[in-house]
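Note sheet for the following structure.
Read-outs throughout are calculated quantities, based only on the coordinates presented, and are distinct from any laboratory measurement. This is a predicted model, so every value here is computed, not measured. Cβ sites come from the backbone with ideal geometry, for glycine too, and all protein chains shown count toward neighbours.
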Amino acid sequence: MKKWRNIAVNLNSNIFRSCGAVHGKLLHNGPDTVEELLERHVVKKEKSYDNSDEDEISARRRLTSTRREALSLYRDIIRATRFFSWPNDRGVLWRDILRENARREFETARFEKDPEIVTRLLIGGRDAVQAALDKLVEKHKHQMAQGHADSDRR
């Protein structure tokens, strides 16, 4: 065991020397203090904006916000479709059908620029997912009650 430790220490020291480390720092010269870290990575405020710049910035914020919401909705759809594990008449799982339809709808609305339409699509998608899950829960409760009623008759 001691032999392997010595080999590992020698390898580490050789690697450290060959990487160009000087005075205990590696090549990337990382920040020494929190202030240096913040200075390098925090976006500094610009002195003044034109009105068009402010509009562009707010549009970008809305875009990233709606993009996040769209991704969140898509993930929720994928999660919700896990519960649809039975096949349709042709033997294809409803889960797969719902996922394909969701993907197709997201792809058709992918390049939509009008924020009002995007918001309407997001709200409609959320409502549809919630309605589908509510119906699924109601159907499951109905089947559970029916199963209890059948077992009580026996």
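Key figures for this structure:
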item: Subset tally (residues that are in contact (Cβ under 8 Å) with a residue 12 or more places away in the chain and not in a helix (DSSP H, G or I)) for the stretch 77-113; result: 4
item: Residue in the stretch 121-141 that is surrounded by 13 or more Cβ atoms within 10 Å (Cβ to Cβ), touching a residue at least 12 places away in the same chain (Cβ under 8 Å) and touching a Ser or Thr at 6+ places or on another chain (Cβ under 6 Å) present; result: no
item: Flag if THR81 is loosely packed, with under 13 Cβ neighbours inside 10 Å and among the β-branched types (Val, Ile, Thr); result: no
